[in-house]
Amino acid sequence: MAARKGRRRMCETREPMEAESRHTSSEGPAQVYLPGRGPPLREGEELVMDEEAYVLYHRAQTGAPCLSFDIVRDHLGDSRTELPLTLYLCAGTQAESAQSNRLMILRMHNLHGTKPPPSDSSDEEEEEDEEDEEEQKPQLELAMVPHYGGINRVRVSWLGEEPVAGVWSEKGQVEVFALRRLLQVVEDPQALAAFLRDEQAQTKPIFSFAGHMGEGFALDWSPRVPGRLLTGDCQKNIHLWTPRDGGSWHVDQRPFMGHTRSVEDLQWSPTEDTVFASCSADASIRIWDIRAVPSKACMLTTATAHDGDVNVISWSRREPFLLSGGDDGALKIWDLRQFKSGSPVATFKQHVAPVTSVEWHPQDSGVFAASGADNQITQWDLAVEQDPEAGDTEADPGLADLPQQLLFVHQGETELKELHWHPQCPGLLVSTALSGFTIFRTISV
């Protein structure tokens with residue numbers, strides 16, 4: 001992996017309430033604010049976004065917050081960067097009452113880039129700007145179906161031409177929903193209105209499994225074998241789903257045994273049909289092969305991967321690397337060729353609270369993103385080395401001890417839960433939090 005030189009950007013600056021975009025108090029110029037580093041915000045200061053650090057930035061809300069979502073691959077093309085963008089999400093709510101929850105498809109479109117900084121202009125130009133602003137307003141359509149119980153996790157896959165969502169319910173069952181109808185009606189306001197009036201209440205899952213005997217969060221579709229699914233629960237069990245003809249599944253009642261506490265996340269290997277990884281609240285990461293009987297399928301174990309719960313893992317599609325995030329706030333890179341050693345090849349400690357989501361960039365092998373309960377989203381590039389001519393740390397000595405590979409820190413969300421890179425829009429990140437969805441692309445990736 002070739003080294004790259006890069007300049008770091010942190011998107012929030014500390015600023016007095018009356019200032020427009022920079023910290024201009026009597027104590028000095030704008031300062032980068034990072035949780036756990038430097039003094040806390042003082043009375044009269046607020047965090048203000050540096051809009052020049054973003055190529056695109058939008059926010060959306062769906063009523064009840066969504067703990068989990070997935071990006072639905074579409075037919076609009078790959079590697080698309082031309083604005084405005086359109087994207088599709090599948091998400092599940094965590095409403096206050098079980099009856100109020102929904103599984104939904106979100107169609108977000110007319111997503112334009114961030115505006116250039118304001119300039120002195122004539123009245124005529126201001127009118128034109130206002131017209132442009134109206135035309136460039138982002139649009140959101142929602143097609144939803146009722147779901148009894150909060151949705152812990154959602155993952156989307158395509159079975160041939162049929163899009164489906166695997167859904168982990170807080171009520172203890174895992175369900176599979178067909179998404180084709182939702183994706184159709186979200187394109188047409190009249191069809192959507194008719195669907196919500198006539199069909200919504202009758203929409204049911206095409207398959208359901210209640211054999212976990214309790215709720216869970218871990219769920220992953222195989223990227224290599226359509227319809228093959230893994231689900232893991234808080235009772236430490238992992239079950240394998242094998243697709244059958246006719247749109248149903250055989251769920252092996254014999255769980256994969258090995259973890260001693262809740263299974264938190266699962267990831268299929270992107271290169272081997274039968275291999276997957278798991279992580280757990282027992283602090284371990286395990287590698288399994290489903291060709292063995294479930295009781296003997298665990299092939300490799302790192303017993304103390306983190307100091308506490310291992311919350312999330314991501315298996316790189318381009319390198320033999322596994323990325324993990326834990327309650328200890330650490331991000332660790334594991335080289336699977338050296339996994340037996342029990343030592344990561346890299347550890348990064350930027351987050352000051354549990355890591356809630358991690359994901360490798362789908363195209364750039366050294367880039368990944370993470371979110372934490374400290375309300376930070378961080379972007380990293382393993383190939384970056386410090387540019388001695390950049391001068392960033394001279395401008396703000398408080399950044400001198402940051403990891404060189406840290407590209408960007410995004411803040412401003414509340415209770416961040418999950419993030420995903422868009423597989424067809426390079427550099428585009430989507431996150432969900434108590435404060436809603438955020439869709440953004442930074443100048444760093």
Item to check | Meets criteria (buried (at least 18 other Cβ atoms within 10 Å of the Cβ) and acidic (Asp, Glu)) for residue 199 | outcome: no
Checklist entry - Taking residue 291 and the conditions (1) open to solvent by less than 10 Å² (accessible area, probe 1.4 Å); (2) under 18 Å from residue 222 (Cβ atoms); (3) in a loop (DSSP other than H, G, I, E, B), which numbered condition does it fall short on, given that it satisfies the others? => result (1)
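The values are calculated or read from the model by the stated rules, or taken from the named source; none is laboratory data. Computed from a prediction, not measured in an experiment: that's the story for all the values here. When we count neighbours, we look across all protein chains shown, and the Cβ atoms used for this are built from the backbone with ideal geometry, even at glycine. SASA here: full protein model, heavy atoms, side chains in, ligands and nucleic acids out. Shrake-Rupley method; radii C 1.70, N 1.55, O 1.52, S 1.80 Å.
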